[in-house]
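A.B. asks: Here it is, the structure in full.
Just so it is clear, none of the values below were taken in a lab; they were calculated from the coordinates. As the structure is a computational prediction, the values presented were derived from the model and not from experiment. No Cβ is skipped: glycine too gets one built from the backbone with ideal geometry, and neighbour counts run over all protein chains shown.
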Amino acid sequence: MTFTSTNFLLFCVIFFPLYFLSITRLRLNNFLLLAANMIFYGWVHPYFVVLLLLSTVVDFSLALLIDREANQLRRRALLAGSIAVNLLFLGYFKYTNFIISSFNDISGEKLNLLTDVILPAGISFYTFQSMSYTIDVYKGHMRATRSLVDYLGFVSFFPHLVAGPIMRATVLLPQIQRERRFDPLMVEDGARQILWGLAKKILVADNLSDAVEAAFSAPGQHSAVSLLIASVFFSFQIYADFSAYSDIAIGTAKIMGIRLIRNFDTPYFAVNIIDFWRRWHISLTTWFRDYVFFPMGGSRVSTSRWLFNIFFVFLLSGLWHGANYTFLVWALIHAATYVAVALAHRAGLRMPEGTFPAIVSAFVTFLFVTLAWIFFRAAGVSTAFEILGRIADPRLWHFQRSFWQTTHCETAVSVIALMVVVEWFTRRWEHPLAIAAWPALARRATYVALLAAVVLYGAANEASFIYFQF
């Protein structure tokens, strides 16, 4: 079930009245929330729910054992068991097809065993969330919960279940466990953030998809200019699409009286690649930092070990995104650039202060990120290099009017420009529609105009979110 579908609208119409009617009775409210989570997640593939329940029950049980166990060696073994089960689930469903197809390519054999494994939606997100719970219990950051309903409600919380943000149990579980209340201000702000997310998804991301798909599916048919335009469009498409999901998730949770963490902080205004990773997919970046990078020693190690740590974490991030060599190349490009910037900073080499240098730095960073995204979006590494080769070929630098016209590039440029301007002027706000200081008439006119645009564009548009595939 996607946030932009009519099914989700019907789901909300039924769920929220029941939720608020039972909000003063915590156990009933949590049972209702859990039922809604299961319906939401199992809407297309009910068997996904079975996998989610199995994974969750294993971690719930092992966390209880860890919490009760005094022997450190046995605690460590229980934690290792929890991590192993999660990684086995993730590895089987996410990488089996890739491993077997790679074996076939290398050996020339045609091994068909266990192929065509269907990837459960959101498995990368809820697996990392569940693993962080058992790790936090092991480290003593929290006590294991005795309520399976509460824990299931935390792991399967439907607003962020499929594409994040990845929530820690230390932040979300206590909110599940305590009585919530109807807060009109949170409901209103949540609705505004949902509206902004829908606008980004339907008006921006989905308007860019035609040009991106046309160029990346047949790069040999397009000029360098068209391929560069499509690459820039994909940068904005993946940002608008993914951050839109986060906005809708955060807004939906707010309506329920629950706060999720911010997942994006205007990443394309970053002045270098380190700054970019502080702003992009914050919940995943901080997860790898806290549960992988820091335990490996972080930056407080030798230079060679620090380099290894950086590259290892980025490669894990690439693998997390999917079983494709393109993600590994994308990760290596970012790792190498991250290290180069960090070493330059250690040597005292920084951009001069001021508005103009910051603008130049932000533009260069965006250009780098855009070129790296080509590997992320391309069907294969060879296709990505073909696109980059054509962009670099001066003989192919001509304007392709047919591409511009048939893929509605004028509309795409307009919505990108509008989003960038809005986000620049509201970059210090929680979200662009947090405009409580505006006159009431101006606010309402803005909401009505955006809602009308979303409804008109969304009538025949239920494109899936990009990060559903991860």
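A.B. asks: List the aspartates and glutamates whose Cα lies under 20 Å from the Cα of K94, skipping any in the same chain that are fewer than 8 positions away.
C.D. replies: D59, D105, D116
A.B. asks: Explain nothing, just the number: relative contact order of the range 6-182, from Cα pairs under 8 Å at least 6 residues apart, as a whole percent.
C.D. replies: Once normalised by length, the contact order is 32 percent.
A.B. asks: Determine, for each peptide in 245-251, 118-124, the mean count of other beta carbons within 10 angstrom over its residues, then list the peptides with the highest first.
C.D. replies: Highest to lowest by the protection proxy: 245-251, 118-124.
A.B. asks: Would you calculate a helix-derived [θ] at 222 nm for the chain, using -39,500 (n - 2.57) for each DSSP H run of n ≥ 4 and dividing by the full residue count, to the nearest 500?
C.D. replies: Helix contribution divided over all residues of the chain: -22500 deg cm²/dmol.
A.B. asks: Projected area of the range 115-215, taken from the Cα convex hull and averaged over every viewing direction, in nm²?
C.D. replies: Over every viewing direction, the Cα hull of the range 115-215 projects on average to 10.3 nm².
A.B. asks: Quick check: pseudo-label points 7 Å beyond the Cα along Cα→Cβ at R300 and V171, how many nm apart are they?
C.D. replies: 2.3 nm
A.B. asks: Given the C-alpha centroids of the range 62-84 and the range 339-400, what is the distance between them in whole angstrom?
C.D. replies: Taking the Cα centre of the range 339-400 as reference, the centre of the range 62-84 is 45 Å away.
A.B. asks: Between S61 and R259, how high is the FRET efficiency from 1/(1 + (r/R0)^6) when r is the Cβ-Cβ distance and R₀ = 22 Å? Nearest 0.05.
C.D. replies: Efficiency, rounded to the nearest 0.05: 0.20.
A.B. asks: Considering only the other residues whose Cβ falls under 9 Å of the Cβ of F269, what net charge follows from Lys and Arg at +1 and Asp and Glu at -1?
C.D. replies: -1
A.B. asks: Go ahead and run the numbers for FRET between E69 and V149, Cβ-Cβ distance against an R0 of 22 Å, rounding to 0.05.
C.D. replies: So, using R0 = 22 Å, E works out to roughly 0.40.
A.B. asks: Grab every C-alpha pair in the range 6-182, bin the distances at 5 angstrom width from 0 up to the longest one, and report whole percents.
C.D. replies: Spelled out per bin, shortest first, that is 1, 8, 15, 17, 17, 14, 10, 8, 5, 3, 1, 1, 0.
A.B. asks: Taking the highest mean first, how do the peptides 322-328, 434-440 order by number of other beta carbon atoms within 10 angstrom per residue?
C.D. replies: Highest to lowest by the protection proxy: 322-328, 434-440.
A.B. asks: Be a star and scan the range 1-34 for residues whose amide nitrogen sits under 16 Å from the point 7 Å along the Cα-to-Cβ vector of H45.
C.D. replies: Hits in the range 1-34 for H45 at 16 Å: 1-2.
A.B. asks: Could you compute the net charge surrounding R76? Neighbours are other residues with a C-beta less than 12 Å from the C-beta of R76; K and R count +1, D and E count -1.
C.D. replies: +2
A.B. asks: Let me ask something else. Under a crude label model (7 Å from the Cα following the beta-carbon direction), how far is N7 from F356 in nanometres?
C.D. replies: According to this spin-label approximation, the distance is 5.5 nm.
A.B. asks: Using only C-alpha atoms and all pairs of different ones, pull out the Kirkwood radius for the chain in Å with one decimal.
C.D. replies: 24.0 Å
A.B. asks: On full extension of the chain, what length is gained from Y95 through A344, given 0.36 nm per residue of separation minus the C-alpha to C-alpha distance?
C.D. replies: So the chain would gain 86.0 nm between Y95 and A344.
A.B. asks: On a full-extension model of 0.36 nm per residue, what is the gain between F399 and L53, subtracting their alpha-carbon distance, rounded to one decimal in nm?
C.D. replies: 119.2 nm
A.B. asks: Between A84 and R278, what FRET efficiency comes out of the Förster formula 1/(1 + (r/R0)^6) with R0 = 30 Å and r the beta carbon distance, rounded to 0.05?
C.D. replies: 0.45
A.B. asks: For F425 and E410 in one chain, what is 0.36 nm times their gap in residues minus the Cα-Cα distance, to one decimal in nm?
C.D. replies: Taking F425 through E410 to full extension adds about 3.1 nm, to one decimal.
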